[in-house]
Amino acid sequence: MTIDDHASAGDLGPSSGPPDDAPIERRVPRWAVPTIAIFWLGFLLTFVARHVFSRLSGLLVLLLVSIFLTLAIEPGVNLLARRGWRRGTATLSILFVVFVVFVGFLTAVGTLVGTQIADLLSESETYIRESVDWINSTFGTNFDPQSVVDEFTDPNGRVQQFIQSQGDEAVRLSLAVVSVIIQGLSVLLFTFYLVADGPKLRRALCSRMRPTRQEQVLRAWDVAITKTGGYLYSRALLALISAVAHWVLFQAIGTPAPIALALWVGLMSQFLPVVGTYLAGILPLLVTVIISPVDALIVLIFIIAYQQIENYLFSPRITARTMEMHPAVAFGAALAGAALLGPVGAILALPAAAMVQALVGGMGQRFDVVDNPLTDVSPTGRSPGAASTAGEAG
């Protein structure tokens, strides 16, 4: 290569790119601005949705309870409608019965609790002496009844200070009761419109769908009504049986207000899953132990024994055609519902799980199960095929 060639190459080198001190032009990619706008729009929409949901969460829970009651009472309304009743009249009649039963239950239990508290405060010294004497005679202790009475009645003592500190709680409890009454009336109003206008609502929804989709939606709706109504009626029947059985016991041993206590045990044990049985037994035990610890022990034994009889005799037969659900599924559904919506979620979780189970169970094909010891459900624990094989071998 000659000197001229090197010179030519040197001349071409710097001219092939921009100078070192030239400013670099930076351009924003076309996708950056829409992406940033979408991000901030999504953030604002999420913030607004969270704010709206937090404000309307109470209303959504009321609507959920209303839908549950709608599905529960619609079979009865449909039955009355087929007999010539107007849907509005039939719905109002059933809701009135539900309201009277609910208010009567709350009145009976509230009167019982108030009476027992007043009796406990008026006869506190007698109950304290009897309780201390029973503890001393049973466990061989030497507690002085008078010292316990003095501690309880001392104005500056811990017991009286605790009682005086509950004045604000009484006001809060009264406001909570008023709030519950307003919410209950709102639920009844929503339920009335949903049931009375049920056919119109379903026609309005189905008019937006194809015929095949309409059949699927109406089938799912029918399953929801059947399962929820079956759950409510089976629970109500079990609650009635439980209330009658416990009323007989409370009447026999002379427990105060046996009807109110029996209704408490029956309804609480059936309509509060998992923990309802334990909560139902606390009130009669507290009422009975004040009068006679021996009677309280009898009540405890009876509650445990009746629970076993109900689990293995009454409940399988009553719920066999209304709400077939494995106990583990029911337990998990109740826990999940309680974690989401508290006690209301625990109550609504079982019919919701039954509806989901029924809908999922109707999907797909079913096949015959092969004979195998792992799939045998006979009491002997041996599959028919295994039994015949063993017989031939013998």
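The values are calculated or read from the model by the stated rules, or taken from the named source; none is laboratory data. Every value quoted in this text rests on a predicted model; they were computed, and no experiment measured them. Neighbour counts are summed over all protein chains in view; Cβ atoms, including those assigned to glycine, are modelled from backbone coordinates with ideal geometry.
Is at least one residue of segment 326-338 at pLDDT 80 or above, surrounded by fewer than 18 Cβ atoms within 10 Å (Cβ to Cβ), β-branched (Val, Ile, Thr) and assigned to a helix (DSSP H, G or I)? Looking for residues that are at pLDDT 80 or above, surrounded by fewer than 18 Cβ atoms within 10 Å (Cβ to Cβ), β-branched (Val, Ile, Thr) and assigned to a helix (DSSP H, G or I), one finds none in segment 326-338, hence no. Within segment 84-100, can one find any residue that is crowded, with 16+ Cβ neighbours inside 10 Å, among the polar types (S, T, N, Q), part of a helix (DSSP H, G or I) and modelled with pLDDT under 90? No, segment 84-100 contains no residue that is crowded, with 16+ Cβ neighbours inside 10 Å, among the polar types (S, T, N, Q), part of a helix (DSSP H, G or I) and modelled with pLDDT under 90. Being surrounded by fewer than 15 Cβ atoms within 10 Å (Cβ to Cβ) and of a type in the set (Lys, Arg) narrows it down to one of Arg210, Arg235, so name that one. Arg210 is the lone residue from the list that is surrounded by fewer than 15 Cβ atoms within 10 Å (Cβ to Cβ) and of a type in the set (Lys, Arg).
Just to be sure before I move on: is Leu59 assigned to a helix (DSSP H, G or I), at pLDDT 90 or above and not hydroxyl-bearing (Ser, Thr, Tyr) in the structure I sent? For Leu59, the condition - assigned to a helix (DSSP H, G or I), at pLDDT 90 or above and not hydroxyl-bearing (Ser, Thr, Tyr) - is not met. Against the conditions (1) at pLDDT below 75; (2) aliphatic (A, V, I, L, M); (3) outside any helix (DSSP H, G or I); (4) surrounded by fewer than 16 Cβ atoms within 10 Å (Cβ to Cβ), Met323 satisfies every one except (4).
Conditions (1) assigned to a helix (DSSP H, G or I); (2) hydrophobic (A, V, I, L, M, F, W, C), marked per residue:
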residue: Leu175; (1), (2): yes, yes
residue: Ser179; (1), (2): yes, no
residue: Ser186; (1), (2): yes, no
residue: Phe190; (1), (2): yes, yes
residue: Lys200; (1), (2): yes, no
residue: Arg208; (1), (2): no, no
residue: Arg213; (1), (2): yes, no
residue: Ala220; (1), (2): yes, yes
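Checking Ile304, Ile241 one by one, the residue that is closer than 30 Å to Ala336 by Cα, surrounded by 16 or more Cβ atoms within 10 Å (Cβ to Cβ), within 24 Å of the chain's Cα centre (by Cα) and at pLDDT 85 or above is Ile241 and no other.
Just name the residue that is modelled with the highest pLDDT out of those in segment 252-273 that are surrounded by fewer than 16 Cβ atoms within 10 Å (Cβ to Cβ) and either within 16 Å of the chain's Cα centre (by Cα) or more than 16 Å from Ala108 (Cα to Cα) (or both). This residue is Ala252. Can you say whether Asp371 is touching a Gly at 6+ places or on another chain (Cβ under 9 Å), of a type in the set (Asp, Glu), at pLDDT 75 or above and not in a helix (DSSP H, G or I), as far as the supplied structure shows? Yes, satisfied. Cβ separations smaller than 9 Å between residues 6+ apart or across chains give the following pairs from segment 202-213 residues that are free of Cβ contacts under 8 Å to residues at least 24 places away in the same chain to residues that are among the β-branched types (Val, Ile, Thr): Arg202/Val217; Leu205/Val217; Cys206/Val217; Met209/Val217. When segment 293-320 is limited to residues that are out of contact with any helix residue (DSSP H, G or I) (no Cβ under 8 Å at 6 or more places or on another chain) and small (Gly, Ala, Ser), the one that is nearest to Thr126 (Cα to Cα) turns out to be Ala305. Figure legend. Inter-residue proximity from segment 169-190: first residues in contact (Cβ under 8 Å) with a residue 12 or more places away in the chain, second residues β-branched (Val, Ile, Thr), beta-carbon distance below 6 Å, spacing 6+ or different chains. Indicated pairs: Val187/Val65.
From the list Val113, Val48, which one is over 28 Å from Leu283 (Cβ atoms), among the β-branched types (Val, Ile, Thr) and out of contact with any Pro (no Cβ under 9 Å at 6 or more places or on another chain)? I'd like the intermediate steps shown before the answer.
Details: Val113 fails: over 28 Å from Leu283 (Cβ atoms).
Only one candidate qualifies: Val48.
Restricting Leu279, Leu285, Leu261, Leu238 to those that are over 24 Å from Ile94 (Cα atoms), touching a residue at least 40 places away in the same chain (Cβ under 8 Å) and aliphatic (A, V, I, L, M) reduces the list to Leu261. Residues that are loosely packed, with under 14 Cβ neighbours inside 10 Å and either within 27 Å of the chain's Cα centre (by Cα) or of a type in the set (D, E, K, R) (or both) within segment 68-83 comprise Arg82, Arg83, listed in sequence order.
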